[in-house]
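Have a look at the structure below before the remarks.
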Amino acid sequence: MSKTRSVAPLNAYPTYHNPRNKTNHPKSPNYFILFRQSWTCLPPPNFVLSCSSSVVVSATLSKPTYNVAIDKNAQIRKFCQTGDLRKAMELLKISQMSELELQTYCSVLQLCAELKSLEDGKRVHSIIISNGMEIDDILGAKLVFMYVHCDDLAAGRQILDGIINDKIYLWNFLMSKYAKIGNYEEAVSLIRKMQKLGIRGDPFTFTCILKCYTALAKIRACKSVHGYAFKLGFGSDNTVINSLIAAYFKCRDVESAHNMFDELSEPDVVSWNSMISGCVLNGFSWDGLEFFIQMLNFGFGMELVTLVNVLVACANVGKLSFGRALHTCGVKTGYSGDVVFDNTLLDMYSKCGYLKGATDVFSKMSKTSVVSWTSMISAYVRKGLYDEAIILFEEMQSKGLKPDVYTVSSVVHACACSNSLDKGRNIHNFIKKNNIGLNLPVFNALMYMYAKCGVMEEARLIFSQIPVKDIVSWNTMIGGYSQNSLPYEALELFVDMQKQLKPNSITVACVLPACAGLAALEKGRELHGHILRKGYFSDLQVACALVDMYVKCGLVVIAQQLFDMIPKKDIILWTVMIAGYGMHGFGKEAVSTFEKMRIAGIQPEDSCFTSILYACSHSGLLKEGWKFFSSMRSEFNIEPKLEHYACMVDLLVRSGNLSKAYKFIETMPIKPDAAIWGALLSGCGIHHDVELAEKVAEHIFELEPENTKYYVLLANVYAEAEKLEEVKKLQRKIGKGGFKKDQGCSWIDIQGKFNIFVAGDTSHPQAKRIDSLLRKLRMKMNRVDYSNKMRFALINADDMNKEVLLCGHSETLAMAFGVLNLPPGKIVRVTKNLRVCKDCHDMGKLMSKTTGRDIVLRDSNRFHHFKDGVCSCRGFW
């Protein structure tokens, strides 16, 4: 890139007086913007020879003086022809004013320009001034050319302002130089001055000024230039029309670009290429491919730029077969081996998921660049070969190539997808150590990697370091909190984001799972309204998240209505609806939905089978469950995983087939984990089988000897069988082992405020009112011969206190709080982080019957709808 010197005061340059122009141009700004595209505006071939007439400075010289002058002028010009600027300058300095011709000055200035010797050019300018030489159009043009070519645009502009020169190439040259250094405003000022002086522009003038207005994103100005060019009669000039097409495309005015193309009577290859690249740039890659086919039909040949743009279009739409055909054409036309062509080809194969094609191109490249390696790394990432992508990144470094921000972004993404936290941290350290620019895409990639690996503290630290966050930054953090079971933090961050940026469809899709996790129905409804206003419901990801939110907030009817409104459903949406029915105990509806999915031609995946088996388990559908489990291998060639076996054990246990469940576990082809044995242990408590429970517990304690919840499960089995001594033994064992029981908590959302409760908590402002209500309910339970067998007895209290504490579990406190604070007729919606206990489940049924309130309790397993003393789970929980 050409660098511009700092602008000096005007009096720093040699001055002169031209009575024909009294205009003083203001100083040029001393700041510039990078201008990527290289423009050239060389003077016409006769520019150097425009000073060819031998003009003698003094008409009164004698003949001998004239001969000396001729000799010196010839000598200086000869030095200039051989490029010997030093000798030319030495002879110029010692020559008398009367000895020098105009052509000599022009020749020396031309050589100063060619050699970019600004200092010598300034000396020539000083000699001209000191010799009293009038700076006319010819000499002034040469001085302008010298200064501009030597990157002293301020001096060149000053001289141009001091002469009257209507030679358009000179104006174009200065204008293009301003554009090249990114000083578009100054370039625009030149065209305005040309208009004032009545200087008629040529096609290059309009090409240059359109590029400037495009860079400034001034679409209206482009339209004005459009009108002005047509007014001057350039409406049929292909160069101008092609520039207008490119300008409209870059300003995102696709319709105007198409209209300009339609006005061309004979579009040339540049016109076709402009249409192809413009369509691709604006996301209309299919249209770009159609223009390419039309171009070939009209008999135009393919240039390198054509092939590159069409390959990009193929990459964008995944048209692999078309891309392979272009590859063949490129090889036949001799473009194979060109770095740009090969890199574009490599990227096309990568984005189309054809790893072999990408590998073949990469292996045959004689010269690879950072772009080549980055495309290959991305190709491996797209195919899910994350370890191979990381290895390729390391190999790239060993070749001495320095990765750029795109390379590290791709490899960090590979670490995220493979949950390779240690490797991700190593690459993070590599980025800092090698001073690779931590720009926004790299920040976002690192945040995503840490969030995907579950290290939200690291992700938040990077988030706090970003000076200006974009929508991707906010979405990454919000989505990270949602996926890592930190819904409260996700909602807090969403509120902060709205103070700075407007959420988009991805934001909504990230926030809705947080609402689902907290059962924050009111916030979810707000987002539903936002989705409808913005038209986001057509986005399948958003629609799926909305259905899931209503399912997990207990409104399965609304979820079903939304589900039915979605015309094209994918496997994720079907699975969400099947799982939703399972959570609410609607097993038959889940089975029916699964069958509808199969009729729709959707092939079930292993996660879908997990959901349908879960639904069968929680509705007691033993026959249907076995049918689905058997079909996994026989019909869909899916090998069952641990979660599928766990569902089957749970299904057998809930139906009372404990022995069958035990044999099923023993015959499993994969080693059962503690969760599978735990499902059987829980069933032993329900069906009072102490002997089998002890046998199962031995397997569990071998696998997870420090997991407290299994000790509690066994204690509950003993408590149900009234073996209190065994309960005390377990209690002492837990105390000696220092095991910690998971902290149970429940919460209820009232008017957007989350009220959180923990077992035995007496610090709540309404603790006395809650306790009073529960005591009254407790008395009613006793009157109806409620038999409490001291379940969940791992409490250090005497038997009298146990009766009070049993109904002090967190979900009972939350339900009582809802009854006391919500208006009559309003459903009480409570969420618990663990499974609801039997006593609180009974209390929920009694509370609904006594108070006449509908209560919806969501625990870690499923939903319980309490109404008139009955629960929707029908005992399958």
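Structure summary
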| read-out | value |
| --- | --- |
| Listing of helices (runs of 4 or more DSSP H) fully contained in segment 199-301 that carry 3 or more residues being farther than 25 Å from Lys167 by Cα and at pLDDT 85 or above | 238-250, 254-263, 269-281, 285-297 |
| Selected residue [surrounded by fewer than 19 Cβ atoms within 10 Å (Cβ to Cβ) and under 16 Å from the mean Cα position of the chain (by Cα)] from Ile506, Ile466 | Ile466 |
| Count of segment 241-256 residues which are in contact with a Leu (Cβ under 8 Å, 6 or more places away or on another chain) and crowded, with 22+ Cβ neighbours inside 10 Å | 6 |
| Cβ-Cβ under 7 Å pairs, at least 6 apart or on other chains, segment 322-337 side closer than 19 Å to Ser366 by Cβ and in the same structural domain as Lys351 (by TED's automatic domain parsing), far side part of a loop (DSSP other than H, G, I, E, B) and of a type in the set (A, V, I, L, M, F, W, C) | Thr333/Met302 |
| Qualifying position, being assigned by TED's automatic domain parsing to the domain that holds Ser95, assigned to a helix (DSSP H, G or I) and touching a residue at least 60 places away in the same chain (Cβ under 8 Å), among Ala113, Ala187, Ala155 | Ala155 |
| Among the candidates Ser659, Ser592, Ser607, residue that is assigned to a helix (DSSP H, G or I), in the same structural domain as Lys695 (by TED's automatic domain parsing) and of a type in the set (S, T, N, Q) | Ser659 |
| Filter result for Gly580 (free of Cβ contacts under 8 Å to residues at least 40 places away in the same chain, surrounded by 14 or more Cβ atoms within 10 Å (Cβ to Cβ) and not acidic (Asp, Glu)) | yes |
| Yes/no for Cys352 being farther than 25 Å from Gly480 by Cα, touching a helix residue (DSSP H, G or I) at 6+ places or on another chain (Cβ under 6 Å) and among the hydrophobic types (A, V, I, L, M, F, W, C) | yes |
| Every residue from segment 72-101 that is assigned to a helix (DSSP H, G or I), touching a Ser or Thr at 6+ places or on another chain (Cβ under 7 Å) and within 22 Å of Ala141 (Cβ to Cβ) | Asn73, Ile76, Arg77, Cys80, Leu85 |
| Which numbered condition Glu595 fails, given (1) loosely packed, with under 14 Cβ neighbours inside 10 Å; (2) under 30 Å from Pro705 (Cα atoms) | (2) |
| Breaking point among (1) closer than 23 Å to Leu264 by Cβ; (2) crowded, with 20+ Cβ neighbours inside 10 Å, for Asn238 | (2) |
| Unmet requirement for Glu522, which otherwise passes all of (1) touching a helix residue (DSSP H, G or I) at 6+ places or on another chain (Cβ under 8 Å); (2) charged (D, E, K, R); (3) surrounded by fewer than 22 Cβ atoms within 10 Å (Cβ to Cβ) | (1) |
| Residues (part of a helix (DSSP H, G or I) and small (Gly, Ala, Ser)) located in segment 495-527 | Ser505, Ala509, Ala514, Ala516, Gly517, Gly524 |
| Checklist (1) under 17 Å from Ser482 (Cβ atoms); (2) not in a helix (DSSP H, G or I) applied to Gly554, failing item | (1) |
| Glu666 vs. criteria among the acidic types (Asp, Glu), more than 29 Å from Lys627 (Cα to Cα), out of contact with any Phe, Trp or Tyr (no Cβ under 6 Å at 6 or more places or on another chain) and in the same structural domain as Glu726 (by TED's automatic domain parsing) | no |
| Conditions (1) assigned to a helix (DSSP H, G or I); (2) crowded, with 17+ Cβ neighbours inside 10 Å: number failed by Ser126 | (2) |
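Results for (1) of a type in the set (Phe, Trp, Tyr); (2) under 25 Å from Gln81 (Cβ atoms); (3) in contact with a Gly (Cβ under 7 Å, 6 or more places away or on another chain), shown as yes or no for each residue.
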residue: Glu114; (1), (2), (3): no, yes, no
residue: Met133; (1), (2), (3): no, yes, no
residue: Val148; (1), (2), (3): no, yes, yes
residue: Ile163; (1), (2), (3): no, no, yes
residue: Lys177; (1), (2), (3): no, no, no
residue: Ala187; (1), (2), (3): no, no, no
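The values are calculated or read from the model by the stated rules, or taken from the named source; none is laboratory data. Keep in mind the model is a prediction, meaning the values are calculated, not measured. Don't worry about glycine lacking a Cβ; one is built from the backbone with ideal geometry, like all the others, and counts go over all protein chains shown.
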